[in-house]
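Student: Here it is: the structure, laid out below.
Values quoted throughout were computed directly from the atomic coordinates according to the rules given, and no laboratory measurement underlies them. None of the values given here were measured: they were computed from a predicted structure. Cβ coordinates were reconstructed from backbone atoms using ideal geometry, including for glycine residues, and neighbour counts include every protein chain displayed.
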Amino acid sequence: MLKTITNIKDIKDELKQLKFSNKIIGLVPTMGFLHEGHASLIKTSACQNDITIVSIFVNPIQFGPNEDYNIYPRDLQRDITVSQNAGADIIFNPSANEMYPEGYKTYVEVKELTEVLCGRSRPGHFKGVTTVVSKLLNIVQPDRVYFGLKDAQQYVVIKKMVEDLNMNVKVVPCPIVRDIDGLAISSRNIFLSSDERKAALSLSKSLFEAEKMIKSGEKDPEKIIKKIKDIISQEKLANIDYIEIVNFDTLKTVDKIRGKVLIALAVKFGNTRLIDNIIVEV
Ligand code: PAF
């Protein structure tokens with residue numbers, strides 16, 4: 001039976017028991033409004049660990065002042081059902097006051113990797129992410145923690161944080177889950193009108209084209225970026241934030257396609273900012 005725990009002391013007590021019985025723990029950190037992408041993380045964790053904990057916490061400090069914290073979709077009852085069906089054992093659903101009580105002062109920051117791509121358009125965002133993920137890792141002390149590759153930069157940043165801070169956890173990346181027509185599944189897709197959703201298909205379409213170009217031997221990032229831009233720009237509702245090709249480990253832009261590259265983009269449709277990417281290894 002799935003348990004829901006809202007306070008830090010209770011989850012620590014629960015975990016003490018589980019660790020005493022040598023249970024292997026997987027953590028899936030989420031902001032709730034769970035979809036098939038989250039369900040696939042939970043299922044992977046349930047296969048690889050004895051106990052899967054899903055944290056559901058809309059983290060206020062990773063949203064900028066003009067971003068969508070207040071309207072970010074929330075539905076705890078549905079999240080409980082999705083988690084249970086996917087094989088979770090415990091939901092950890094703290095309040096903002098539980099995580100950041102009055103007088104809270106400590107932040108965790110990864111340099112450089114957070115200053116590019118989404119970090120450039122969302123200053124402070126990754127500091128909020130690394131701070132909350134550090135807190136969750138300290139509270140739960142899992143053996144493995146799971147992240148979806150739709151947020152590829154987030155995965156790279158957290159992997160670096162775990163390495164630099166000698167944290168005792170394996171960071172497990174999981175593939176992007178897409179709707180049948182190619183749109184990467186995201187909690188924010190709910191904000192798209194039907195015309196915006198149609199236009200948003202240009203993201204995956206352009207990334208698949210880019211992958212084809214690389215597979216047929218194209219090595220020039222500029223040509224690939226131009227192709228992606230041409231496809232997306234055909235959609236009047238699309239407002240491009242960035243399209244970049246970077247090395248998957250360093251997140252530095254590449255002047256030639258070689259090794260493992262991340263082709264990442266962020267595009268706004270109305271007020272909804274979507275991200276998508278593809279990782280290609282040459
Ligand atoms: O990817 C997310 O949903 C969030 O950034 C995370 C990792 C749960 C931290 O709030």
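Student: Would you mind calculating the gained length between Ala96 and Lys260 on full extension (0.36 nm times residue separation, minus the Cα-Cα distance), in nm to one decimal?
Tutor: In short, 55.3 nm is gained.
Student: Once every DSSP H run of n ≥ 4 in the chain is given -39500 (n - 2.57) and the sum is divided by its residues, what mean residue ellipticity at 222 nm do you get, rounded to the nearest 500 deg cm²/dmol?
Tutor: -12000 deg cm²/dmol
Student: Under a Cβ-only charge scheme (Lys and Arg +1, Asp and Glu -1), can you give me the dipole magnitude of the chain about the Cα centre, in debye to the nearest 20?
Tutor: Roughly 300 debye for the chain.
Student: If you wrap a convex hull around the Cα atoms of the chain, how much volume per residue is inside, in Å³?
Tutor: 133 Å³
Student: List, in the order given, every pair from Lys127/Lys205; Lys19/Lys135; Lys215/Lys236; Lys229/Lys256; Lys111/Lys215; Lys12/Lys260 whose Cα-Cα distance in the structure shown is over 27 Å.
Tutor: Lys127/Lys205; Lys215/Lys236; Lys111/Lys215; Lys12/Lys260, as the Cα separations exceed 27 Å there.
Student: In whole Å, what is the distance between the alpha-carbon centres of the stretch 51-98 and the stretch 100-151?
Tutor: 15 Å
Student: Which order do peptides 213-220, 92-99 fall in by mean Cβ count within 10 Å, highest first?
Tutor: 92-99, 213-220
Student: What net charge do the residues around Glu235 carry, taking every other residue with its C-beta under 13 Å from that of Glu235, with Lys and Arg at +1 and Asp and Glu at -1?
Tutor: That works out to +3.
Student: What shape does the stretch 133-282 have by the C-alpha gyration tensor, where a ≥ b ≥ c are the square roots of the eigenvalues, rounded means a/c under 1.5, and otherwise prolate means a/b greater than b/c and oblate the rest?
Tutor: Oblate is the answer for the stretch 133-282, as a/c is 1.5 or above yet b/c matches or exceeds a/b.
Student: Which net charge results for the neighbourhood of Arg273, defined as the other residues with beta-carbon distances under 12 angstrom from its beta-carbon, given Lys and Arg at +1 and Asp and Glu at -1?
Tutor: -2
Student: Also, quick follow-up: Place the peptides 186-192, 146-152 in order of packing, highest mean first, counting for every residue the other Cβ atoms within 10 Å and averaging per peptide.
Tutor: 146-152, 186-192
Student: Quick one: helix 36-48 against the long Cα principal axis of the chain, what's the angle to the nearest 10°, folded into 0 to 90?
Tutor: 50 degrees
Student: Quick one: net charge of Phe92's neighbours, Cβ under 13 Å, K/R +1, D/E -1?
Tutor: Every neighbour counted, the sum reads -2.
Student: Still on this model: Mind checking the angle between helix 125-140 and the chain's longest principal axis? C-alpha axes, 0 to 90 degrees, to the nearest 10.
Tutor: It works out to around 30 degrees.
Student: Could you order peptides 72-79, 263-270, 134-141 by the average number of other Cβ atoms within 10 Å of their residues, highest first?
Tutor: 263-270, 134-141, 72-79
Student: Note the angle between two axes, namely the Cα long axis of helix 8-20 and the longest principal axis of the Cα atoms of the chain, as a number of degrees from 0 to 90, rounded to the nearest 10.
Tutor: Roughly 80 degrees, rounded to the nearest 10.
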